[in-house]
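Notes follow once the structure below has been shown.
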Amino acid sequence: MKAVLDWQPVQEVAVYYGAGQRKDEVDTMVTGYSHPGCYAKALNDCSPELTIEHYVSKSILDLLGDVHVISNASWLASGAQSKPLPSSALGSKILCKRHNEMLSDVDARAKVFFEQILWAFSDTSVALPNRNVAVDGDALELWVLKACCGIFASGELLVQGRSAEYSLPLEWLRILFQGVPWTRNTGLHIRHAKATPHRGFAIGPVFSSDNNELSGGGIEFCGVELFVLLDPDMQKLIMETQAAEVSSTTYRPGTIDIVARTHKTTIELRWKAWQPTHRVEYRYE
């Protein structure tokens, strides 16, 4: 089956200025407890305490600025924007302490990638040195899945003007928390689209154009669009509904080159069990 995937970014952040691997230390014994407020409760491996989870990690939000303005969220009136909010306010009690701690190392490893994206898109008239940096591709892939699971479970999404909350497929939870391998042709895809650098992000679900079923999710960060697509049999094209624009994607690239006016940044994505054959390039001049 082939289908065009429908990319619907439904939450955005504008920034105001001036105002992996699972954590090894977590006990590997299954607890047998299912916390009703934890989105990973289907794994029957929760702890009793519910904690605040930032679907976009607080450390990554902090890279964007001190405070943020949210739009297009279920807790806002139609067309409204939030007041400036600190990063600490952009979390929800959606994970138990045990599952939250399992993701802390993924957050730390993925942060390296987003730091390099911000450096790469630095707009300066002063020549900067070229930069080559290695990033854990497996951790970045898991982080995008983690971010999508968090926003889907939070109830903060608006889809076609209505609040939307999704039950997460068990397969997604097993990949994220138990290290179950990705099915062939699923996982991280980067969209081929012209990057328009900005300090902010959009995040939302991806649906199949054949049957409108949830097929994954994506996040656009400062102009770079990252997706986790979980149907192995679909043609991996992204259709942005607002612009009616269809773009292809690259699956698990080995290198991302960002060429700016004054410098070039090369981000090497390192994979444990994948031999990449493609690269992605952005030009920002």
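Read the figures in this text as sums done on the coordinates, not as results from a lab. What you see is a predicted model, and the numbers here were worked out from it, not measured in a lab. FYI the Cβ positions are ideal-geometry reconstructions off the backbone, even for glycines, and counts take in every protein chain you see.
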- Task: Quick one: compute the contact order of the stretch 33-92, relative version, from alpha carbon pairs under 8 angstrom and 6+ residues apart, as a percent.
- Result: 29
- Item | Stokes-Einstein D in µm²/s, Kirkwood radius over Cα pairs - the stretch 4-284 at 20 °C with 1.002 mPa s viscosity | 111
- Message: Within the stretch 69-109, name every residue whose backbone N is under 14 Å away from a label modeled 7 Å from Cα of Ile52 along the Cβ vector.
- Response: 85-95
- Query: How much length is gained if the chain between His192 and Tyr284 is pulled fully straight, taking 0.36 nm per residue apart and subtracting their Cα-Cα distance, in nm to one decimal?
  - Reply: 31.7 nm
- Task: Give me Rg over Rh for the stretch 62-176, both radii from the alpha carbons and Rh done the Kirkwood way, two decimal places.
- Result: 1.02
- Compute the normalised compactness of the stretch 103-158: alpha-carbon radius of gyration over 2.2 N^0.38 Å, N being the residue count. 1.46
- Message: Nearest 5 percent is fine: what portion of the DSSP beta bridges confined to the chain is antiparallel?
- Response: 75
- Task: Provide Rg and Dmax in Å for the stretch 131-285, with only Cα atoms included in the calculation.
- Result: 15.6, 46
- Query: Taking a Cβ-Cβ separation under 4.7 Å as the criterion for a possible partner, which cysteines of the chain have none?
  - Reply: Cys148, Cys149, Cys222
- Query: Each label point is 7 Å from the Cα along the Cα-to-Cβ direction; what then is the distance between the points at Leu128 and Asn212, in nm?
  - Reply: 4.4
- Links that overshoot a 31 Å alpha carbon limit, given the list Lys146/Lys264; Lys41/Lys83; Lys97/Lys236; Lys58/Lys194; Lys93/Lys194: Lys41/Lys83; Lys97/Lys236; Lys93/Lys194
- Out of the stretch 207-243, which GluC sites (Glu not before Pro) are coil in DSSP terms and have no more than 11 other C-beta atoms within 10 Å? Glu213
